[in-house]
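A.B. asks: Below is one structure. I have some questions about it.
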Amino acid sequence: NATPVEEWRAIPGYEGLYEVSDLGRVKSLERMVQGRFGLLRVPERIGYGSVHKSTGYFRVGLSRDGGCEQIHVHRAVMLAFVGPLPEGMHTCHNNGDRADNRLANLRYDTVSSNRLDSVLHGTNHETAKTHCPQGHPYDQENTYYNNRPDRPGRGRRCRECNRIRCAAKHQERRRRLAQGVA
């Protein structure tokens, strides 16, 4: 049972300051910095970052030249080990776990593939819904899909709500015709 060796690489743009490992940990390297009262020693620290409360992704603050930048740990891992993010691509978690930032669990892929992954992993909030906002079930008989790109609001639709909406439109049209209003 040999323990895997953790490989560390410099985070591009932060060479000599920060490194990231293939296990998703971030290391602040030991260094001397100019403080208000002279040179200060900053010790080496290793951590995973902190979870952003609205996105659920781990991120870490990296300081350089008097400024600080928040970056996602999964993006730092891919940048250091694979290279820059290709245009139009996303950094994807293979198992759908945003806390699992190991290199073996990450890949660059399309936005569409990333969204399909979220459905497969059960992390897509839309697919977790079992009923429409009016309380009708999203079951095989009561669900249809609006996949026309020229129409807003693509995705699952409730047949019962559509029936009620269409009936109300027809009733309004009949009322207007009876009043002589076109």
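The values are calculated or read from the model by the stated rules, or taken from the named source; none is laboratory data. Remember, it's a predicted structure, so these values are computed and weren't measured experimentally. Please note: Cβ atoms are built from the backbone with ideal geometry, for glycine as well, and neighbour counts cover all protein chains shown. Note: accessible area is taken over every heavy atom of the protein model, side chains too, but ligands, DNA and RNA are not part of it. Shrake-Rupley method; radii C 1.70, N 1.55, O 1.52, S 1.80 Å.
A.B. asks: Could you check how much of the accessible area of region 1-137 is carbon and sulfur, as a whole percent, using a 1.4 Å probe? Can you show the working numbers first?
C.D. replies: On the way: 4660 of 8840 Å².
On region 1-137, the fraction of accessible area on carbon and sulfur atoms equals 53 percent.
A.B. asks: Okay, moving on. Per the Kirkwood treatment, what hydrodynamic radius in Å, one decimal, follows for region 6-77 from the mean inverse distance over all distinct Cα pairs?
C.D. replies: Details: mean 1/r = 0.0776 Å⁻¹.
The answer is 12.9 Å.
A.B. asks: Let me ask another. Just LYS53, LYS129, LYS169 to compare: in a GNM of the chain, with alpha carbon springs under 10 Å, which one fluctuates most?
C.D. replies: LYS169
A.B. asks: Continuing with this model, one more query. Report the far tail of the P(r) of region 1-141, meaning the percent of Cα-Cα pairs longer than 27 Å. Let's see the in-between values first.
C.D. replies: Numbers: 3519 of 9870 pairs.
In whole percent, the long-distance tail amounts to 36.
A.B. asks: Here is a further query. Give the angle, between 0 and 90 degrees and rounded to the nearest 10, that separates the Cα long axis of helix 111-121 from the longest principal axis of the Cα atoms of the chain.
C.D. replies: Once rounded, one gets 80 degrees.
A.B. asks: What accessible area per residue comes out for the chain, rounded to a whole number of Å², with a 1.4 Å probe? Write down the numbers at each step before the final one.
C.D. replies: Working: 12740 Å² over 182 residues.
Accessible area per residue, the chain: 70 Å².
A.B. asks: Going by average Cβ neighbours within 10 Å, how do the peptides 62-68, 44-50 rank, with the highest at the top?
C.D. replies: Numbers: 62-68: 9.9, 44-50: 13.0.
Put in order of decreasing packing, that is 44-50, 62-68.
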